[in-house]
Each structure stands twice: as structure tokens, then as C-alpha cells.
Amino acid sequence: MRAVVIREFGDIADVPLGSLPDPVPGPDDVLVRIQAVAVNFVDLLVMEGKYQFLPDRPFAPGKLPAGVVEAAGSAVTAFRPGDRVLTMAEHGGYAELVAVPQGQCLHLPESLSVTDAASMALAFDTAWFALRDRARIQPGESVLVLGATGAVGNAAMQLAKAWGAKVLAGVSSPDRMDDVLRAGADAAIDLSRDNLRDDLRKQVHAVNDGAGVDIVIDPLGGDIFDAAVRVLAWRGRLVVVGFAAGRIPEIRANYLLLKNIEVSGLQVSDYRKHDPDRMAACFAELFSLYESGKLTPAASETFPFDRYRDALTLMRERTARKRLILQPNR
């Protein structure tokens, strides 16, 4: 099968489109012909050998591809050829085929395309666990979503609104403020201001009745994290999702004590490995919210398989305005 093949870790320019043996499904496995897989920032880390979970080489990167069941093992009871599915594969998505255990495969709602399923994957489940599991969101609470124009940020905004929260959307440039307001945010916060350590709190208080926020979702880190900790209300919760801004920040433990606040982390891959039933429940709710019209997959731009470097370059340079989707079998 055709695949983006990682034999040595390095720059995307050094990762070729080649071939790997077709996966052979075991008795409990489902073989899926991949029709869509999202390009994620984590894929760059995997290619560079900087991610915390790296499979044996050679392998194809790409998480949570969606497609159509091609074959099912003898012990598989929940799927049959022709079923449209989203897989929980941790790698292997940048290829024509992938084999996964049936417990790591989800039926798609009839109204959800494979492209939209791939667009939602890794973004909406990350946001779901950040808000529902780590932050314990409640209706009426206020949520500051940092990096709100990114895939996880957009998903977090939509979920927080669907669950009855007030959403403040943090954006890296003033020209993106209208985007998040159109997407449903109650207020937009400019993260590009000078002296953000003090200015972020002023902006938040100005649109949140003079108070801090109950929850911060942070996929950015760096100086923005330092400022965001200061805008938490009493008993506020900040969830660390990533460090797209570059620097991994630190916090003094006495500050947590003085404000009665929490800072927790989310590694969503661990839920797929350690609690697959909760992951299935996550997607069941996501699909239900989608079918009821409360969630909208991010607009996407599709790429044929041989343009994988173009899509990855857009991701690395952070110039994409849409979700980037590879189509290995277009």
C-alpha cells in the first residue's frame, strides 16, 4: 500500500511517500480503507521524533483516520465490509489501509461524512476531555479558550456553548476576533497585546462582570499560560493541552494554594489506551450533539495524498485557516 513512511526521524522534506506492506487483520481486527485523515500539529512532532509515544520504524504517522471497512476478522461482530467508521488508530493514518481492533473503531452517523469525521477527530475529543473530565465544566460557568481559532480551540468553544457556559475566545491577532464571534464566542480576547501578564486580566474582567474565569483551556503555553493563570477565579481550573507557543511554562505551587486553583494536564491518547469505554462515550455524545445541530465540524481543505508535504507545511507555518485533510484513496 502507498504510505508516508518514516524510516528516520527528521524534517518533513525527508519523509517520503513510499510503500508499506498491507496490514493483515487478526481475528479481532477491522481492516479500514482510509478516505480521510486530519493533519495535526502532533504529526510534525512524531515525524521529528519529539513525541512521547513513537512506534517502531518504519511506520506511517497520522492519528484517527476515517474510512470504510474493507474486511473484518473472524471474531468481529460489530462491523462488516462497507461500514463507514472512525478509527482510534494512534498512527498509520497517512496510508491507504489501517488495521485496528474492533474496540478501537466507531460507526459514523449516517449524516456525518468521513471528511467531517476526520475534521472532528483529535480536536473535539481533546476538547471534550479537557472540559468534561479535567475541568468538570458546569452550566453557567465562564471559560477562556486560548488559541480559539485552532482545531481544539474551535471545538472547545462549541462544546462549552453547548453545555451552557459563557465563552471568552483568545486569539493571537486582532483580525481573527470577528471569526470567533461569528463562531459563537460571547467575547473575543486579544492575546497579541503588550504586557499580556497584566492586560489579559484587564480584558477578561472587562467582559466578565469584573471577575476572573472559572476555566481556562490552554493549548499554547509560554507567556500566555503565565498570564492566563492570573485570570482564574477562586477555585478556577486551567487545563494544559499543549505548548504550541513553544516554551513549556512553570508555576509556583504556593500560587495554587493561595488562590485555591487547579492546573491539570490532558494527554488524550492515554484515554484511548487506558479507558476506551470512556472514549467511546465521548464520541457517542459528540455524534449526538452533531446530529442535534449543536456542533459543526470545522471547515476543511482537502489534499490528495501526494500533496501531504503541502498540508504539513501549512500546519508548521500556522497559516491554515481551515482543517487540513489528507485523502489517501481519493
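Criterion first (surrounded by fewer than 16 Cβ atoms within 10 Å (Cβ to Cβ), more than 18 Å from the chain's Cα centre (by Cα) and part of a loop (DSSP other than H, G, I, E, B)) does Arg330 satisfy it? Can you show your working first?
Values: surrounded by fewer than 16 Cβ atoms within 10 Å (Cβ to Cβ): yes; more than 18 Å from the chain's Cα centre (by Cα): yes; part of a loop (DSSP other than H, G, I, E, B): yes.
For Arg330, the condition - surrounded by fewer than 16 Cβ atoms within 10 Å (Cβ to Cβ), more than 18 Å from the chain's Cα centre (by Cα) and part of a loop (DSSP other than H, G, I, E, B) - is met.
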Q: Scan region 271-330 for residues that are touching a helix residue (DSSP H, G or I) at 6+ places or on another chain (Cβ under 6 Å), of a type outside the set (A, V, I, L, M) and within 16 Å of Ala155 (Cβ to Cβ) and jot them down.
A: Tyr271, Cys282, Lys294, Pro297, Ser300, Arg323
Q) Among the residues of region 184-198, which ones are in a loop (DSSP other than H, G, I, E, B) and crowded, with 19+ Cβ neighbours inside 10 Å? A) Ala185, Leu191
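Inspect region 247-259 for any residue being among the hydrophobic types (A, V, I, L, M, F, W, C) and buried (at least 16 other Cβ atoms within 10 Å of the Cβ) and give the result as yes or no.
Kept after step one, since they are among the hydrophobic types (A, V, I, L, M, F, W, C), are these residues of region 247-259: 248, 251, 253, 256-258.
From what is left, the residues that are buried (at least 16 other Cβ atoms within 10 Å of the Cβ) are none.
No - not one qualifying residue is present in region 247-259.
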Q. Tally time: how many residues in region 73-122 are in contact with an Asp or Glu (Cβ under 8 Å, 6 or more places away or on another chain), free of Cβ contacts under 8 Å to residues at least 60 places away in the same chain and either among the hydrophobic types (A, V, I, L, M, F, W, C) or not assigned by TED's automatic domain parsing to the domain that holds Arg33 (or both)?
A. 2
Q.
Could you check region 48-68 and list, in sequence order, the residues that are outside any loop (DSSP other than H, G, I, E, B) and buried (at least 23 other Cβ atoms within 10 Å of the Cβ)?
A. Ala66, Gly67
Q. List pairs: first in region 218-238 and on the phi > 0 side of the Ramachandran plot, second in a strand (DSSP E or B) and crowded, with 18+ Cβ neighbours inside 10 Å, Cβ under 8 Å, 6+ apart or cross-chain?
A. Gly221/Val240; Arg235/Asp214
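Restricting to helices (runs of 4 or more DSSP H) lying wholly in region 97-171: which have 1 or more residues that are at pLDDT 95 or above and over 30 Å from Gln203 (Cα atoms)? Reasoning before the result, please.
Values: elements: 114-120, 124-128, 151-162.
Qualifying helices (runs of 4 or more DSSP H): 114-120.
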Q.
Could you list, ordered by first residue, the pairs with Cβ atoms under 6 Å in which the first is in region 315-330 and in contact (Cβ under 8 Å) with a residue 24 or more places away in the chain and the second is among the charged types (D, E, K, R), at least 6 apart or interchain?
A. Lys322/Glu301; Leu324/Glu301; Pro328/Glu96; Asn329/Arg33; Asn329/Glu96
Q: Could you grab me the full set of residues in region 199-217 that are surrounded by fewer than 14 Cβ atoms within 10 Å (Cβ to Cβ) and among the acidic types (Asp, Glu)?
A: Asp209
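Run down Ser192, Ser172 and say which single residue is hydroxyl-bearing (Ser, Thr, Tyr), in the same structural domain as Gly242 (by TED's automatic domain parsing), within 21 Å of the chain's Cα centre (by Cα) and more than 27 Å from Met279 (Cα to Cα).
Ser172
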Q) For Arg134, which of the numbered conditions (1) more than 19 Å from the chain's Cα centre (by Cα); (2) of a type in the set (Lys, Arg); (3) assigned by TED's automatic domain parsing to the domain that holds Leu159 fails to hold? A) (1)
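The values are calculated or read from the model by the stated rules, or taken from the named source; none is laboratory data. If you're wondering where the values come from, they're calculated on a predicted model, not measured in any experiment. Cβ coordinates were reconstructed from backbone atoms using ideal geometry, including for glycine residues, and neighbour counts include every protein chain displayed.
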